[in-house]
Structure formats: C-alpha cells, structure tokens
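**Student:** Would you mind keeping the following structure in view while I ask a few things?
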Amino acid sequence: MSTYNGRGIHGQVVETIGRRVVTGQLPENGRIDLVELEAELDVSRTVVREALKVLAGKGLVDSRQKRGTVVRPRSEWNLLDPDVISWEFENRGTEMLGQLAEVRQMFEPAAAALAAGRRTEADLAELEAALQDMARAQTPAEAVVADLRFHRGVLAATGNELLVRMEGVVESVLAERDRIVHDAVTTDDPVPSHHALLEAIRAGDGQAARTCALALLDKAVADVDRATHPRGDA
C-alpha cells in the first residue's frame, strides 16, 4: 500500500495538516501560516516544511515565493492517493465508499478477465496462498489482510503495471470497508466466492472471472448497506 509511512513527529505533522486540508479546516486557496503551525504543534520549521513537501506531492498544497504556502483547490488534489482517501473517510465515509465502489466496478472485473488470460503458475500459487490465509483468519484484521493479498494478487496477475498501481485504491477501500462492516456482518464466509474467482482465473475463463469479480463487488456494497442500515432503513 502506498500510503505515507513516515514515523515519529514528522509523520504526525503530515497526518495533522493533511487531515485539516481534506476535512476543510484549512480551506481551499487559503494560506497556511507556518509560524502558527510551528507554535501550535511545537515543532521546528524544518519539520513543517518537510511535511508540506509530502502533502505537495499529494496535490494538497503549493508553495510559491511571495505568495507563501496555500491549499490547492480540491480539483487539483490526488483523490486516489491512499492517504487522501483515508482522510476523506473521516468526513464522507459512506459517500466515499459508494464512489470508490463505482471506481472498482469499472476496473476490477476487467482486471479479473485480463488475469484469466495472462496468469502464471506463480500468480495462481499466490492467489491460493491468499485464499488459505482467508480460510485461517481468526480476527477481522487477519481477514482483511488476506482479502488485500488476494485482490493484490488478481491485479498482479494481469501483468499490467498501471493496474497494479491501483492496489492503493483497492486496499484503502477494503480497509475502510472492514472498519465499517466487521462488527455488523459477522456470519459471512468469504472463501467460496473468492475461490470461484480463483477457479475462473485458473481455467482461463475471462467471462466467468469478470462475473465472479462483479459478484464480489455487489456483495461488498450489500455488506456496507447492512452495516449502515441495520434495520433496513432507507
């Protein structure tokens, strides 16, 4: 997963400023006062500047001479960046799940079909190992790690480097989905549906792989609906 993995105070400052930008506490086109941030967060100017460089790479801020550091318009943010996705969930969780589900429906079934035509024995072995992890999972955390491994394996089996880069989106969605649904949806066994996709890929049946991937995505949407509307409320 390509989220920012900075540790210590530097990572905390990235998280703090990033969340404020994405949640609107620091408004679009607004100027960021570095002196105030240094005092509030009790960190050096160097730490603040390095954090802003990370956020600039995500399209959130821009620093220019005379103008200073400003928040970029939302239209310029890298909305598929895993950290941005995570911060967005704090304000727009259910809405984001819906939008990201639509994105996944556009590329994951096609990726599954492509994987069926290109998979290698090594790809199949990785998918089988992920499925075994899924079957052995004892906790929600173990289950989501296994699920991530499986879906990452499907993308890798396409042999398409650009599709593989989409794993950040997939992993962000699955992680947030798990956070929302794992307490509400406890009786489901994910192994059979994922096994069906694996067998379609193994058989080289692109249409069957596409159908299985769509079924998995439909179920993911249904699980979120069950979690957010436990009594079937509209």
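The values are calculated or read from the model by the stated rules, or taken from the named source; none is laboratory data. Every value quoted in this text rests on a predicted model; they were computed, and no experiment measured them. Just the protein is used for accessible areas: all its heavy atoms, side chains included, with ligands, DNA and RNA removed. Shrake-Rupley method; radii C 1.70, N 1.55, O 1.52, S 1.80 Å.
**Student:** For Met106, Met96, Met166, what's the largest-to-smallest order of accessible area, 1.4 Å probe?
**Tutor:** These residues rank, largest area first, as Met106, Met166, Met96.
**Student:** Using a 1.4 Å probe and counting only protein heavy atoms, arrange His10, His195 so the residue with the most accessible area comes first.
**Tutor:** Listed by decreasing accessible area, they come as His195, His10.
**Student:** Could you tell me what percent of the accessible area of the range 32-135 is made up of carbon and sulfur, with a 1.4 Å probe and every protein chain present?
**Tutor:** 47
**Student:** So between Val221 and Leu162, what do we pick up on full extension, going 0.36 nm a residue minus the alpha carbon distance?
**Tutor:** 18.7 nm
**Student:** Relative contact order for the range 96-234 using alpha-carbon pairs under 8 Å, separation at least 6, rounded to a whole percent?
**Tutor:** 37
**Student:** Per 0.36 nm of contour for each residue apart, how much would the distance between Met106 and Ser75 grow if the chain were fully extended, relative to their Cα-Cα spacing?
**Tutor:** 9.0 nm
**Student:** What does the helix-only formula give at 222 nm for the chain: each DSSP H stretch with n ≥ 4 adding -39500 (n - 2.57), the total divided by the residues, and the result rounded to the nearest 500 deg cm²/dmol?
**Tutor:** That calculation yields -23000 deg cm²/dmol at 222 nm.
**Student:** Roughly speaking, what is the stretch gain from Glu40 to Glu121, that is 0.36 nm per residue apart minus the C-alpha to C-alpha distance, in nm to one decimal?
**Tutor:** My answer for the length gained is 23.7 nm.
**Student:** Hey, another quick one. Running a GNM on the chain with Cα contacts under 10 Å, which residue among Gln132, Gln105, Gln65 ends up with the highest mean-square fluctuation?
**Tutor:** Gln65
**Student:** Any idea of the accessible area per residue across the chain, 1.4 Å probe, to the nearest Å²?
**Tutor:** Averaged over the residues of the chain, the accessible area is 52 Å².
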